[in-house]
Each structure stands twice: as C-alpha cells, then as structure tokens.
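See below for the structure under consideration.
No lab work stands behind these numbers, since they all come straight from the coordinates. Predicted, not measured: the structure shown is a model, and the values here were computed from it. FYI the Cβ positions are ideal-geometry reconstructions off the backbone, even for glycines, and counts take in every protein chain you see.
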Amino acid sequence: MKKFSIVPFLIFGLPALSSSVLADVASIRAEEKACLADAETNLDMKVCEGNTYQAADKELNATYQKLVAGLKAQAAKEKGIPDYESSAEILRRLIASERAWITFRDADCSFQATSMLGGTGEGLIYLSCEASTTLDRITALNLMMTPSYVQLN
C-alpha cells in the first residue's frame, strides 16, 4: 500500500523565494499595464508586449534554474538512500515538462494569433499571449517550491 508524504526537496530554502517571485510577476504585469495605457499605435503595443515577454522570460529562467539547482542538491543528498531518490525523478520530469511546455506555448500562441490572421494585430496577439503565458508558468513553477507539494511513496 502506498502512503502520501511531503517531498522534502524544499529543505534547501526555496519557499522563501515564493513571495519575491510573485512580487516580480506582479511588477512585470503592472509595467505591462502602464506601458499599454500609454501606447498609441500597434507598434507601441508590440514594444510593450515584447518588453513584457523579455522580462517574463528572464524571470522564468531564473525561477527554473533555482528550482533545478535545489532539486539537484536534494538529489545528491538522497543518492544511495534505498527507495528514496524522488528528487532526481522530479528533476527529470520537470525538464521534460518544461521542454513540452515551451513547444505548447509557442504553438498555442500561434493559434491564438490566428484571430487576427494576416492582419497587423497578429504579431501583437502572439506577443501578448507569449508574455501572459510565460508569467503564468512562473507562478505554476513557483507552486512547485511550496511545502504543500505531495507525492506518493
């Protein structure tokens, strides 16, 4: 019979990252909103969304690298402990998930942009989707860094 247990890979201090990451996401969204409020043309809006995406991508990469580093450190601690190398498995699945997510994000944003297919708004819709989806992914990865993550043993 399998039991539920809390995965202890969070011992390395990432829960403290949680509030700062969420504050960074909120700050990026606020900057996007302010920029769009001042935008007068499609090009201005594209610049806003492009800048938002760049900031979101930078934050996503930092969040992802911190999560990977923590999982690697925890996996090293678990090495050799019988029946307990879950951090290494979580890391493998995280990497696979992130690769698949990037492919999905790009394809989904391309699809969403078809609402303006061939028009000047197509690129804007794509950039807006890319920025928003990336900010959402930061929040999702951040949830992986909280002590409430549960796994079957």
*Cut-off 15 Å between beta-carbons: net charge of the residues surrounding A30, Lys and Arg +1, Asp and Glu -1*: -4
*Taking the Cβ of E40 as the center, what net charge do the other residues with Cβ under 15 Å away carry, scoring Lys and Arg +1 and Asp and Glu -1?*
-2
*Using the number of other C-beta atoms within 10 angstrom as an exposure proxy, rank M145, M116, M45 with the fewest first.*
M116, M45, M145
_Per-residue Cβ neighbour rank within 10 angstrom, fewest leading, T103, T52_ = T103, T52
